[in-house]
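Participant: Below you will find the structure I want to go over with you.
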Amino acid sequence: MEVGSIEQVAFSVQVRLVADLARAQAYYRDVLGCEVTDWWAVRDDFALGFKLMQADRPEDVSPNRPGKGQSVPWDTYAYVDTHSELDALYRTLAERGARIIQTPSVTEADWGVWKEFAIADPDGYAIAFGSGKKE
């Protein structure tokens, strides 16, 4: 089969095993602004999507550990178009009570400026947001 001749993926969601499903659903709805159903927690037309599932045992909840050279681990990394939109998202999430685990930081490279921050959900899953366009 030729590459490109297969059907394209429309979107994907990440599966999260959570310690308390109702608590996780409330966080993803009230803090992240997701539409939450029994099946999904999504926002921005599935640009950010999760399947929240009740874990059988607390030890089954397993957020990522930091990678080599990484101080803040990421379980999800989402892109935002511009720095001003990223700043607005940061303010909104902070006002809604997000647990900030990385305040907005800037990294300069030869191609431009990258800006990012990260939050953690009640189970410790880290969701980072970043943008490469100043504006």
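Participant: Rounded to the nearest 0.05, what FRET efficiency do residue 79 and residue 53 have when you use their Cβ-Cβ distance and R0 = 25 Å?
Facilitator: That gives a FRET efficiency of 0.50.
Participant: Counting only protein heavy atoms, what percent of the accessible surface of the stretch 44-135 is carbon or sulfur at a 1.4 Å probe?
Facilitator: 48 percent
Participant: Placing +1 at every Lys and Arg Cβ and -1 at every Asp and Glu Cβ, with all other atoms neutral, what dipole size does the stretch 1-127 have around its Cα centre, in debye to the nearest 20?
Facilitator: 420 debye
Participant: At most 13 other Cβ atoms within 10 Å and a DSSP loop assignment: could you name the chymotrypsin sites (Phe, Trp or Tyr not before Pro) in the stretch 1-50 that fit?
Facilitator: Within the stretch 1-50, the qualifying chymotrypsin sites (Phe, Trp or Tyr not before Pro) (loop, at most 13 other Cβ atoms within 10 Å) are 11, 39, 46.
Participant: For residue 115, give me every one of the lysines with a C-alpha distance below 24 angstrom, ignoring sequence neighbours fewer than eight places off in its own chain.
Facilitator: Hits, sequence-local ones excluded: 68, 133, 134.
Participant: Pull up the DSSP beta bridges for the chain and report the antiparallel fraction as a percent, rounded to 5.
Facilitator: About 70 percent, rounded to the nearest 5.
Participant: For the stretch 19-113, what class follows from the C-alpha gyration tensor (a ≥ b ≥ c being the square roots of its eigenvalues): rounded when a/c is under 1.5, otherwise prolate if a/b is larger than b/c, else oblate?
Facilitator: Because a/c hits 1.5 or more and a/b fails to exceed b/c, the stretch 19-113 counts as oblate.
Participant: Could you tell me whether the stretch 26-76 comes out rounded, prolate or oblate from its Cα gyration tensor? Rule is a ≥ b ≥ c as square roots of the eigenvalues, rounded for a/c under 1.5, then prolate if a/b exceeds b/c, otherwise oblate.
Facilitator: Oblate shape, in that a/c is at least 1.5 and b/c is the bigger or equal ratio.
Participant: To continue, here is another question. Any idea what the relative contact order of the chain is, in percent, if you count C-alpha pairs under 8 Å spaced at least 6 apart?
Facilitator: Normalised by residue count, the contact order of the chain is 23 percent.
Participant: With the other protein chains left in place, how much accessible area per residue, in square angstrom, belongs to the chain at a 1.4 angstrom probe?
Facilitator: 63 Å²
The values are calculated or read from the model by the stated rules, or taken from the named source; none is laboratory data. None of these values were measured; they are calculated from a predicted model. Note that we place each Cβ from the backbone using ideal geometry, even for glycine, and neighbour counts take in every protein chain shown. In case anyone asks, the SASA skips ligands and DNA or RNA and just uses the protein heavy atoms, side chains included. Shrake-Rupley method; radii C 1.70, N 1.55, O 1.52, S 1.80 Å.
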